[in-house]
């Protein structure tokens, strides 16, 4: 693929190139500069700095705070031989798989699918409440679930008559998985709703005419139409779930690190314990994982456009 | 004989279809009921507790009172924190709207070398450098710049984080605004900045409104960035301050928290549904949640 930058020679500027307001290249760059400056300083620079910080023994306080030493890849070796890091990585995988790939995707699709065959009023009510969970600020939703799951007064124990089960202490990882599913299903539901709306009804009709059951209809008619959306949805919500810090407000990573997903691990390591260098090393690992997911996503997006 | 067998087979098939239909209806209803229960029950607390004379953690019909709101309005920290959320949200909104429209207009009208690559990179950056992944260097940067415990600093960080997405979406809007007005304005001798302000901005208003609301919603609920960058409770936004409302006995102050949560949630919920009704939902890559 040729670089997108090619093909804009100086002669092109004279012909109609869409520059109807006579902006010109110099002014265009001037218009662009303040925004790019802000992005460079507060988004790009921190990411690049992570590269350097991860190679130092930078600490929040003490002598290493004033004169950080260059320690090479020690932080990475340390991270890769640290049980807490692998515990956190494992928990993160289960968390992302459980709440995004299974929870949000499957539930979102099931809701979108069912809502195509119920009355309009029912559909509107269901969609409203699913969306509400997504829109309410996260500090509030975490409190709502803290109340739901409370040991002695929680509504969940009252509903299931499970006595004094301390859900957040006994099942911390399961709790944040259910919580994150609850919060994020709206996106998958909306995406799959619009995807399902693009399936031509005539194709479904003919499938039904030849006697295809619901499963066959889904596999042979619906799925080919929404395959792209399934992939898009999975990649996006994986990225978001991987980066969410909200469960911190529910379990703070505990008890005993049992819900210590990577974002919370980094926070506690770097900003609570003050090990900024080690925290940076793990941040970089996280950014690289993000990069892989995002690159796959953007490539798919480009393929679909062309 | 064969005809008889045939008809009984049709009857069998019909009854099986009826059964299938019935089961489908049952399944549909049970599933819908379960989904509603899952999504509605946790929210009921937010609806009932603020109006309950004795709010507990459990969901129950309220013993009606407005006293919790009196508690809320008598609490200066709580009210100030809502003001702080407003400052952060509006501040970031202004920054991204001004810088975003300048940048997206320039990208939309002029073929700067490397434009597509730049847009692609912006989108990539905004999805991979999240507040979570970059919290350590961002924190250190703000320490070095002396912007810890500064609301201005929080606005800069939050704006920097959402600006790539803003530019990306706004460029789409700018691309689709008609260009003939700009041409005429130029013939009358208007300068580019004037054309942008008087001609393009009014045309792109729906896009700008969507972006404005989106930016406010993003910042209004953000917890992490103000949590790590602000120190004084008097500067902290609602999302952070909410977790400091405890009674003297160390229990969460439910009267205050319930009323506060409701007041804190209403603006974003209202704006969201307003935008949805007017412009419909839009999907864009790279939107940070």
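Beyond 21 Å, what share of the Cα-Cα pairs of the stretch A:199-306 remains, rounded to the nearest whole percent?
Summing the P(r) of the stretch A:199-306 above 21 Å gives 58 percent of all pairs.
R0 = 25 Å: FRET efficiency of residue A:40 with residue B:277, Cβ-based, nearest 0.05?
Efficiency, from the Cβ-Cβ distance: 0.10.
For the residue pair residue A:204 and residue B:61, what label-to-label distance in nm results when each label sits 7 Å from Cα along the Cα-to-beta-carbon direction?
3.9
Fewest first, what order do A:234, A:185, B:244 take by the number of other Cβ atoms within 10 Å?
B:244, A:234, A:185
Rounded, prolate or oblate: which one fits the stretch B:1-144, using the alpha carbon gyration tensor with axes a ≥ b ≥ c (rounded when a/c is under 1.5, else prolate when a/b beats b/c, else oblate)?
Here the stretch B:1-144 falls in the oblate category.
Okay, which of the stretch B:232-260 sit inside 18 Å, backbone N to the point 7 Å along the Cα-Cβ direction of residue B:73?
B:255-260
What percent does the relative contact order of chain B come to when contacts are Cα pairs within less than 8 Å and at least six residues apart?
So the answer I get is 28 percent.
Could you tell me the convex hull volume per residue, in Å³, taken over the Cα atoms of the stretch A:41-169?
220
If you find the alpha carbon centre of the stretch A:103-150 and of the stretch B:200-227, how far apart are they in angstrom?
Cα centroid to Cα centroid, the span is 23 Å.
Exposure proxy check: B:169, B:195 ranked by fewest other beta carbons within 10 Å?
Exposure proxy ranking, most exposed first: B:169, B:195.
Quick check on the stretch B:2-51: take the gyration tensor over C-alpha atoms, sort the square-rooted eigenvalues as a ≥ b ≥ c, and tell me if it's rounded (a/c under 1.5), prolate or oblate.
prolate
Expected output is a single nm value to one decimal: the length gained when fully extending between residue A:304 and residue A:121, i.e. 0.36 nm times separation in residues minus the C-alpha distance. What is it?
62.4 nm
Once chain B is represented by equal point scatterers at the alpha-carbon sites, with solvent omitted, what log10 I(q)/I(0) does the Debye formula produce at q = 0.07, 0.09, 0.12, 0.16 Å⁻¹?
-0.43, -0.63, -0.92, -1.28
Over chain A, what portion of Cα pair distances is larger than 34 Å, expressed as a whole percent?
Percent of Cα pairs beyond 34 Å in chain A: 43.
With r defined as the distance between the Cβ atoms of residue A:128 and residue A:67 and R0 fixed at 60 Å, what FRET efficiency is calculated, to the nearest 0.05?
It comes out at approximately 0.55.
When only alpha-carbon atoms are used, what values of Rg and Dmax, in angstrom, describe the stretch B:169-289?
My reading of the Cα-based Rg and Dmax gives 20.9, 73 Å.
Starting from the Cα gyration tensor of the protein assembly as shown, take the square roots of the eigenvalues, sort them a ≥ b ≥ c, and report rounded, prolate or oblate (rounded when a/c is under 1.5, otherwise prolate if a/b is larger than b/c, else oblate).
Since a/c reaches 1.5 but b/c is at least a/b, the shape of the protein assembly as shown is classed as oblate.
Quote the FRET efficiency, to the nearest 0.05, computed for residue A:292 versus residue A:83 with a Förster distance R0 of 25 Å and r equal to the Cβ-Cβ distance.
Step by step, r from the Cβ atoms, then E = 0.55.
Note down the nm distance, to one decimal, between modelled labels 7 Å out along Cα→Cβ at residue A:110 and at residue B:243.
Reported label-point gap for residue A:110 and residue B:243 is 3.1 nm.
With a cut-off of 20 Å, note down the residues of the stretch A:168-198 whose backbone N falls inside the zone around a label point 7 Å from the Cα of residue A:225 toward its beta carbon.
Of the residues in the stretch A:168-198, A:188-198 have backbone N under 20 Å from the label point off residue A:225.
For residue B:120 and residue B:197, calculate 0.36 nm times their separation in residues minus their Cα-Cα distance, and state this gained length in nm to one decimal.
Taking 0.36 nm per residue and subtracting the Cα distance, the gain is 25.0 nm.
What number, rounded to the nearest 500 deg cm²/dmol, is the helix-based mean residue ellipticity at 222 nm of the protein assembly as shown, given -39500 (n - 2.57) per DSSP H run of at least four residues and division by all its residues?
-21500 deg cm²/dmol
Read the figures in this text as sums done on the coordinates, not as results from a lab. The shown structure was predicted, so the numbers you read here are calculated from the model rather than taken from an experiment. Virtual Cβ from ideal backbone geometry, glycine too; neighbours counted across all protein chains shown.
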